[in-house]
Amino acid sequence: MKLEDMKKLHLVTLSGGGDVYHKLVGPKTFEFISSEWSSPDGSNSYDEIIPEEVKEEIQCLSGETSDDSIHITIGSFDNDRAIQLDGKDFDSATQAVKWAVKSGVELGEEYDGCVY
């Protein structure tokens, strides 16, 4: 997968304790962040396997190799995913939008979450 192959990215903004983080993530990553809770054994937390297509997007956007799983909890599973999954980082939402326009990338949905 190459960055040129991803024509639509999503903005994730995480804030808390005076810090704000902005990153663009691919469509499969955003879909994974937004997916429903599905604990395999009914527990309140578990280590969730990261799908291969999500790991490929993370590698493409951030240059980082993703772990195979992330730890999520029932009360904040989407936010847990948003925090732990890498993307293309920016210092501000404005920088992310400018980069997207310059790169010919359409911006899709946004996710606003917390840093804790």
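The values are calculated or read from the model by the stated rules, or taken from the named source; none is laboratory data. Bear in mind that the values here come from a model prediction, so they are computed numbers and not experimental data. In this analysis, Cβ positions are derived from the backbone assuming ideal geometry, glycine residues included, and neighbour counts consider all displayed protein chains.
Only one entry of Asp86, Asp80 meets the criterion of being without any contact (Cβ under 8 Å) to a residue 12 or more places away in the chain and surrounded by 14 or more Cβ atoms within 10 Å (Cβ to Cβ), and that entry is Asp80. Which one is farthest from Met6 (Cα to Cα), of the residues in region 65-77 that are of a type in the set (Val, Ile, Thr), surrounded by 11 or more Cβ atoms within 10 Å (Cβ to Cβ) and in contact with a helix residue (DSSP H, G or I) (Cβ under 9 Å, 6 or more places away or on another chain)? Residue satisfying both the conditions and the ranking: Thr73. The residue that is surrounded by the fewest Cβ atoms within 10 Å (Cβ to Cβ), counting only those in region 16-33 that are under 19 Å from Tyr116 (Cα atoms) and in contact with an Asp or Glu (Cβ under 8 Å, 6 or more places away or on another chain), is Tyr21. Within region 44-69, being more than 16 Å from Lys28 (Cα to Cα) and in contact with an Asp or Glu (Cβ under 8 Å, 6 or more places away or on another chain) holds for one residue alone: Glu64.
Against the list (1) in contact with a His (Cβ under 8 Å, 6 or more places away or on another chain); (2) closer than 18 Å to Glu109 by Cβ; (3) in a helix (DSSP H, G or I); (4) of a type outside the set (A, V, I, L, M, F, W, C), the condition Asp80 fails is (2). Can you say whether Asp112 is within 13 Å of the chain's Cα centre (by Cα), in a strand (DSSP E or B) and on the phi < 0 side of the Ramachandran plot, as far as the supplied structure shows? In short, yes. The single condition among (1) under 17 Å from Asp47 (Cβ atoms); (2) surrounded by 13 or more Cβ atoms within 10 Å (Cβ to Cβ) that Ala93 does not satisfy is (1).
Of all residues in region 35-64, those that are surrounded by 17 or more Cβ atoms within 10 Å (Cβ to Cβ) and in a loop (DSSP other than H, G, I, E, B) total 1. Quick check: anything in region 21-31 small (Gly, Ala, Ser), closer than 25 Å to Asp91 by Cβ, modelled with pLDDT under 95 and not in a helix (DSSP H, G or I)? Checked region 21-31: no residue is small (Gly, Ala, Ser), closer than 25 Å to Asp91 by Cβ, modelled with pLDDT under 95 and not in a helix (DSSP H, G or I).
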